[in-house]
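The values are calculated or read from the model by the stated rules, or taken from the named source; none is laboratory data. Just so it is clear, the model here is predicted, and its values are computed rather than measured. Side chains included, ligands, DNA and RNA excluded: accessible areas come from the protein's heavy atoms. Shrake-Rupley method; radii C 1.70, N 1.55, O 1.52, S 1.80 Å.
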Amino acid sequence: MELYYDSEGRMGILKQRARRCVCKYCGGRLSLKRISFSEIEDARVEIFCKSCDRIEYGVEPEIYQSALYFVEEMGFNYYPDLNQSEKTKRMNVAKVCDIMAWENKNLGILNRDGFTVPLAANKNMIGECVILDETDLEDMEDISVGTL
């Protein structure tokens, strides 16, 4: 374990991850912060979210956006016994981030360096709002009546 902390590799991994990833609770930017828990100097550095004031390993931004959309639009609630608050929403988003990251890792499209394949997802589609006017609704009614 000591070799891992002594190597320059760990610091490089942490720097890249802090630059690339976001906090899975709030979607905020991550930075490196010196934490005092070890005599080994590099072991004192961790990825940190200033917005949440917590040590956070982070998640890919695309996963966070998908998880946020899923919680907000689908009403996902992993913690039904807790009050519905901003904190509970963040905890739900973080849980969905964990699930999505786990799935992507098991599918082989995500590793510690990020996605291993180019993503085909349209980033603009997540959370896109559709505005329908009365004419659009009438057209939809004509189609549904015609198929009966």
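Odds and ends about this structure:
- Residue that is most open to solvent (accessible area, probe 1.4 Å), among those in segment 62-84 that are among the polar types (S, T, N, Q) and under 18 Å from Trp102 (Cα atoms): Gln65
- Residue, modelled with the lowest pLDDT, within segment 17-45, restricted to residues that are part of a helix (DSSP H, G or I) and open to solvent by 90 Å² or more (accessible area, probe 1.4 Å): Glu41
- Candidates are the residues of segment 96-134 that are open to solvent by less than 80 Å² (accessible area, probe 1.4 Å) and among the β-branched types (Val, Ile, Thr); the one that is modelled with the lowest pLDDT is Ile126.
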